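No value in this document is a laboratory result; all are computed from the given coordinates. Note that the structure is predicted; figures quoted are calculated from it, not measured. Counting neighbours? That spans all protein chains shown, and the Cβs are built from the backbone with ideal geometry, glycine included.
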Amino acid sequence: MPADPDHFVRLADHVCLRRLEQPCLYDRRADELYELSPEAWEALARCRGQISLAQAGLDPEFQAYCLAEGLLELSPEPRPHPLPLGPGPTPSLRYLELQITWRCNLACAHCYLGPARGVDLPVPVIAATLREFEAMNGLRLLISGGEPLLHPRWPQVNALLSALPVRRVLLSNGLLLDDQRLAELHCDEVQISLDGLEDGHQALRGPGSFARAVEAARRVRAAGLDLSIATMVHAANLNEFDGLAELVQELGAREWGIDAPCPAGRLEADPALVVSPALAAQCMAHAFGGAYHGSGQGPQGQAMACGLHLCTVAADGRVAQCGFYLDSPLGRIEEGLWTCWHRRTPRELAMVAGCRSCPVAVDCGGGCRFRAPAPDRPDPVMCALMEQTPDWENQAC
């Protein structure tokens, strides 16, 4: 049935406008970001449930697409829907990892945070940070730990997420994800850590943890939530990836992120788990899905290295470019997220020796800056994954 041009039009509740480097429309339910022309931005900014579809002035083809995809909603009566349209910082802060607690019910052999501790981000601090992240035009909130469900005031934290107009992703080991918690969870996606089949997973996470993680993944899908899987490559799971790939597909994961761990925290005490870049790259080739929070373009269009749009707030209040850089923080969250973010100094790929003339540098982004042997050197794991062997030692910095 054709859309009634006299009906009132508004953005769907799962859609928001974001002022990033370019004006965008973000669908948090599908995790899709659409760049907009100035004309499309102005037309969508009028879609607040108070004017008719005809008055919005949308391009007919774009209008039809937005209606078909459920990005716009029509109503015979006005349904006011305020749209916060303020500017955000440059570079944009799109992805925020919030380590709400360092408590954990496992002692994973590769955990870069080291031993679990009873350190928790206070609920009022979490509330203020979420408000600021939304005002900064944020897209994706990664709720992590430790095990975030062990936060002593998890019900209050979960309640804060209910009306947050960003994509909310819970990062969990799955051991506490029963049906009741999933039914009450105000998240769009749950990421379960699955570090191999039974032997490989439990080599990192301990006896009995594999079956419980798989069951948690099944519960996530049964609850109607998006599921993603996170896997670390290590010496005990190298021969399990074909079988693991079948399991991930069977579980219905929308994304499978595979990475090689950095030598930090507990992993420093067990270096035998670390594999060569070449072996790690072979396993990482199984990954699928599009959520990547690494590199991008600077204000003059220059290629930038890892971490351009990502920030971490730790359970003790430190703010860092990511969780590996807590020893060199940008500040404390009590100063404000925006204040700390403005202290971030993004690194251009041109400053990474070996990446300047690399034909795949823009796609690769130089890899993980922490895992690289030095800040001005490429990440050997990503070099192996992209099948590049740059002669960076002979290049001047």
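Just the Kirkwood number for region 249-380, please: inverse of mean 1/r across all distinct Cα pairs, in Å, one decimal.
16.5
Summing -39500 (n - 2.57) over the DSSP H runs of n ≥ 4 in the chain and dividing by its residue number, what mean residue ellipticity at 222 nm do you reach, to the nearest 500 deg cm²/dmol?
My calculation for the chain gives -7000 deg cm²/dmol from helical runs alone.
First select every other residue whose beta carbon is under 10 angstrom from the beta carbon of Asp188; then total the charges, Lys and Arg +1, Asp and Glu -1.
Overall, the nearby charge balance is +2.
Taking the Cβ of each residue in Glu334, Glu348 as the centre, tally the other Cβ atoms inside 10 Å and list the residues starting with the fewest.
Going from sparsest to densest Cβ surroundings: Glu334, Glu348.
Using DSSP to call loops (not H, G, I, E or B), can you name the trypsin sites (Lys or Arg not before Pro) in region 34-137 whose Cβ has at most 16 other Cβ atoms within 10 angstrom?
Those that pass, being in a loop and sparsely packed, are Arg46, Arg117.
With labels modelled as points extended 7 Å from the Cα through the Cβ direction, what inter-label distance (nm, one decimal) is found for Asp363 paired with Gln156?
4.9
Can you give me the Rg/Rh ratio for region 151-254, using Cα atoms for both radii and the Kirkwood formula for Rh?
With Rh from the inverse mean 1/r over Cα pairs, Rg/Rh is 1.00.
Provide the gained length on full extension for the span Arg46 to Arg117, in nm with one decimal, where the gain is 0.36 nm per separating residue minus the Cα-Cα distance.
Fully extending the segment from Arg46 to Arg117 adds 20.7 nm.
Scale the Cα Rg of the chain by the rule-of-thumb value 2.2 N^0.38 Å and send over the ratio, two decimals.
1.03
What whole-number value in cubic angstrom gives the convex hull volume per residue for the C-alpha atoms of region 8-75?
Per-residue hull volume (Cα only) is 76 Å³.
Subtract the Cα-Cα distance of Ala278 and Ala12 from 0.36 nm times their separation in residues, and report this length gain in nm to one decimal.
91.2 nm
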